[in-house]
Each structure stands twice: as structure tokens, then as C-alpha cells.
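Bear in mind these aren't lab numbers, they're just calculated from the coordinates by the rules spelled out. Note that this is a predicted model, so its numbers are computed, not measured. Positions of Cβ are backbone-derived with ideal geometry, glycine not excepted, and every protein chain shown enters the neighbour counts.
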Amino acid sequence: MSIKGTYDPDNIFAKILRGEMPCVKVYEDDHTLAFMDVFPQSRGHMLVIHKQEQARNMLDVSADGLAQIMASVQKLTRAAEQALSPDGIIITQFNGAPAGQTVFHLHFHIIPKYAGDLKAHASGGMADMDELTAIANLIKAAV
Ligand code: 5GP
């Protein structure tokens, strides 16, 4: 998928937003949704998306939409730090397939990092849903 193109309303995150696909939700406000990544790169790996912006990537999003996403990214980063006590936290965002993007609805990854854990982007297996829900509940309680 090119860095430029048309937004596909049938991408997996659009389906999650329409309630057509499940997600383990951590946080929601008027403009943004945060949920657990089902192929987590670490304990507490979350994704933050905009609910109204039909943006594939950083090039497409409005400045206001981006500000709304980033406010939630910071809120969830703080909650993850409080709830999970990681040694570090990575925030990532990929634009276009060659950069590593696989879902073409703009999203930010919040990836808590623990000393000695070296998992790379898109290398994890599918999470156990009960475990994911338990982690989401810890973070929710800290938002
Ligand atoms: P990207 O590689 O586009 O930056 O990240 C897409 C992310 O979405 C990946 O980390 C992948 O694990 C995650 N993902 C893909 N499909 C689903 C899904 O159906 N549900 C959830 N919660 N995450 C997904």
C-alpha cells in the first residue's frame, strides 16, 4: 500500500469503530478510541485511533484531529506507566507499507517496554483474550 491513496472504509479499525469487529477497549472519548493490540509486542501494547477522521496516515489527518489523538496518546501513556510500571514506553506510528504500516487507518502504538524484552514490530503472536482484558482493566483503572 502506497503512502498516498484512498481511505478504505472496510479496513479492520473502521470495522472496530462500527462495532462489526470486537476489540478490548481501554479508553474512549468523543473523538478517540484506545484498545489493546491483539498481536502485542509487549505487555500493555495499545493502539489509539481517531473515531471520525478518515485518515490513512499522518499526511491525511487534520491538525485538530491529530491533536485530539495525541492528547489521548499522552493520557494512555501515563496510565500505562502508572498501571504496569514498565522500564520504558515506545510511541510509534507508520506511514505506508514500506515503513511497516499494515492497517490503513491512522493509529499510534503505545508499547510499554521491559528490560530485556526485545520483541520487534509485527513479530508477536495473538494474545490470550482473558490476559488482554486483565491488562486493559489495570490500565483503565489508571486513566
Ligand atoms: P501497523 O503495522 O499498521 O502500524 O499496526 C497495525 C497493528 O494492528 C498491528 O500491531 C497489529 O497487531 C494490530 N492489529 C491487526 N489486526 C487487529 C485486530 O483485528 N484487532 C486489534 N486489536 N489489533 C489488530
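Cα centroid distance between region 17-81 and region 97-137, in Å? If we compute the Cα centre of each part, the gap is 13 Å. Take the Cα of L138, go 7 Å toward its beta carbon, and the backbone nitrogen atoms of region 26-65 under 20 Å from that spot belong to 26-28, 34-48.
Going from the fewest other Cβ atoms within 10 Å to the most, the residues I135, I3 appear in the order I3, I135.
Taking amide H as placed 1.01 Å from N in the peptide plane, the amide H of N57 sits under 5 Å from that of L106, each at least 5 places away or on another chain. Taking only DSSP H segments of four or more residues, each worth -39500 (n - 2.57), what value at 222 nm results for the chain once the sum is divided by all its residues, to the nearest 500 deg cm²/dmol? Theoretical 222 nm ellipticity from helices: -9500 deg cm²/dmol.
According to the square roots a ≥ b ≥ c of the eigenvalues of the Cα gyration tensor, what is the shape class of the chain, taking rounded for a/c under 1.5, prolate for a/b larger than b/c otherwise, and oblate for the remainder? It is prolate, given that a/c is not under 1.5 and a/b is the larger ratio. Net charge in the neighbourhood of D117 (other residues with Cβ under 13 Å of its Cβ; Lys, Arg +1, Asp, Glu -1) is +2. Remark: relative contact order (region 12-142) = 33 percent; criterion is Cα-Cα distance under 8 angstrom and separation of 6 or more residues. Helix 129-142 and the longest principal axis of the C-alpha atoms of the chain enclose an angle of approximately 90°.
Comparing mean-square fluctuations of L106, L17, L47 from a GNM of the chain with C-alpha springs under 10 Å, the top value falls on L17.
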